[in-house]
Each structure stands twice: as structure tokens, then as C-alpha cells.
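The structure under discussion appears below in the form of C-alpha cells.
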Amino acid sequence: MVENLSTGRAGAARPSPIPALMNASPRQGLRAFDVLERAGSDLGTDDLTPEVLVLAPPPLGELYPEGRAERFAGGVEKTHALPEHDQTIAEAADAEFLDVGTLAETDGIDGLHLSDGAHENIGRGVAEKVRAIPE
């Protein structure tokens with residue numbers, strides 16, 4: 001047996017594609033990285049594989065006031081690319097995926113935050129997705 005590079009446990013060696021997909025070392029974004037690295041492992045309750053759901057945030061809207069737009073230069077475009085990127089990472093980790101941008105927009109007054117209604121839509125959509133995940 002060879003130590004599995006992604007879990008540190010004995011088993012078939014399978015280098016994780018996640019660091020390359022995230023364009024980051026395991027130390028960057030450690031919490032999300034750790035969760036995805038263990039997707040498909042037997043580290044859950046009673047040695048069962050825990051299900052992981054990756055949520056891509058909704059893209060930024062038109063930023064207000066104008067000074068904020070300068071502070072987040074290029075951010076709006078980057079957030080529009082996140083869902084595809086996050087879905088690729090989720091698929092590599094055998095995790096479930098949900099593009100929250102399909103449920104709500106950043107409709108707060110500043111293009112960054114969500115309204116109460118958007119939060120409600122996200123909550124309902126995530127709950128529906130979780131219920132649909134096979135056990």
C-alpha cells in the first residue's frame with residue numbers, strides 16, 4: 001500500500017487535482033481546501049463518506065459608490081467566472097455543486113450585498129439541493 005497523497009492514509013496513490021485547480025497551495029484557503037480534500041474519504045460519522053456541497057456565490061452587481069468599484073477593480077468580472085471554476089473543483093472532488101447566482105443576485109443597494117428576499121431565495125434553493133443529494 002502507498003500513502004494516499006490527498007488523505008494521508010494508506011491506499012491507492014491518487015494525487016489530488018484540487019490544488020492545481022484552485023491555483024493555490026494547500027495553505028491558501030485552507031478550510032475550503034481541507035473540506036474538498038476529504039470529500040470522498042471515509043472520515044465522516046461511522047466511517048461513511050460525508051457529502052460536500054460547494055456553493056458558488058452570486059456575482060457582484062454594479063458597485064456603488066464609485067469608490068468601491070475602484071477598490072474591487074476587476075472583481076465583477078472575476079465573480080462571473082467563479083461558478084464554472086468552482087464547478088470544476090467540485091467535480092474533481094466528487095462533491096455536489098450549486099451556483100447560487102441562479103437563485104439570487106447581489107441586489108442590495110451597493111452591488112455587493114443581498115436583500116432579505118435574495119437571502120430567502122438562497123435558503124430555499126440550498127435546502128432543495130440538500131434534500132436532493134442522494135444518501
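Points to keep in mind about this one:
- The single condition from (1) in a helix (DSSP H, G or I); (2) over 13 Å from the mean Cα position of the chain (by Cα); (3) modelled with pLDDT of 75 or more that Q87 fails is (2).
- On the stretch given as the range 90-135, residues that are outside any helix (DSSP H, G or I) and among the hydroxyl-bearing types (S, T, Y) total 2.
- Single unsatisfied condition, R71 versus (1) in contact with a strand residue (DSSP E or B) (Cβ under 8 Å, 6 or more places away or on another chain); (2) exposed (fewer than 15 other Cβ atoms within 10 Å of the Cβ); (3) not polar (S, T, N, Q): (1)
- When the range 88-114 is filtered for residues that are closer than 24 Å to R71 by Cα, surrounded by fewer than 19 Cβ atoms within 10 Å (Cβ to Cβ) and in contact with a Pro (Cβ under 7 Å, 6 or more places away or on another chain), the ones remaining, listed by number, are G101, E105.
The values are calculated or read from the model by the stated rules, or taken from the named source; none is laboratory data. Worth saying up front: this structure is predicted, and the values here are computed from it rather than measured. Here Cβ is always computed from backbone atoms with ideal geometry, including for glycine, and neighbour counts include all displayed protein chains.
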